[in-house]
Amino acid sequence: MVKDPKGREKPEYKRHVFICTHEREPSATRPCCSAKDSLEVMKAMKMAAKKEGLLDVRIQKSGCLDFCENGISCVVYPEGIWYSIKNQEKDIPKILGHLRTGIPNESCKMKFED
Ligand code: FES
């Protein structure tokens with residue numbers, strides 16, 4: 001039987017996190033999450049989740065999620081909760097709390113009216 005590197009026989013992530021790492025030229029008309037070090041943020045969140053033993057979540061980079069001005073854009077499924085990561089040190093623990101408990105963190109949810 002085929003197993004993934006974590007020993008699972010089928011994909012059963014409790015939650016799936018996408019963090020935009022899209023990159024644009026500095027002259028582009030829209031901003032990009034990559035310019036806000038989103039790849040490093042994604043890596044830091046992965047490491048923090050692993051350190052906490054959250055093995056049933058998948059955290060990965062994504063392409064542009066279309067809310068570039070609100071980035072770093074992050075979305076958590078299955079809840080479909082969108083976050084703006086503005087402060088890595090403060091926001092990663094808050095989002096990890098969501099991953100651990102299933103309760104979204106209100107303080108770093110993306111504000112679509114901005
Ligand atoms: S560049 Fe990140 S949401 Fe568009």
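Considering only residues that are among the small types (Gly, Ala, Ser), near the ligand (Cβ under 10 Å from one of its atoms) and open to solvent by less than 10 Å² (accessible area, probe 1.4 Å), which ones fall in segment 43-83?
71, 73, listed by residue number.
Has segment 5-13 got at least one residue that is out of contact with any Pro (no Cβ under 8 Å at 6 or more places or on another chain) and not in a loop (DSSP other than H, G, I, E, B)?
no
Kindly provide the set of residues from segment 20-42 that are more than 9 Å from the ligand (Cβ to nearest atom), in contact with a helix residue (DSSP H, G or I) (Cβ under 9 Å, 6 or more places away or on another chain) and closer than 27 Å to residue 97 by Cβ, ordered by number.
37, 40, 41
Could you list, in sequence order, the residues of segment 84-114 that are open to solvent by less than 30 Å² (accessible area, probe 1.4 Å) and either at negative phi or touching a helix residue (DSSP H, G or I) at 6+ places or on another chain (Cβ under 9 Å) (or both)?
Residues satisfying the conditions are 84, 85, 91, 92, 95, 96, 97, 98, 99, 108, 110.
Restricting attention to segment 1-42, which residues are closer than 19 Å to residue 77 by Cα and surrounded by 15 or more Cβ atoms within 10 Å (Cβ to Cβ)?
Hits for segment 1-42 are 15, 16, 17, 18, 19, 20, 21, 38, 41, 42.
The values are calculated or read from the model by the stated rules, or taken from the named source; none is laboratory data. Nothing here was measured: the structure is a model prediction, and the numbers come from that model. Neighbour counts are summed over all protein chains in view; Cβ atoms, including those assigned to glycine, are modelled from backbone coordinates with ideal geometry. We work out accessible area using only protein heavy atoms, side chains counted, and drop any ligands, DNA or RNA first. Shrake-Rupley method; radii C 1.70, N 1.55, O 1.52, S 1.80 Å.
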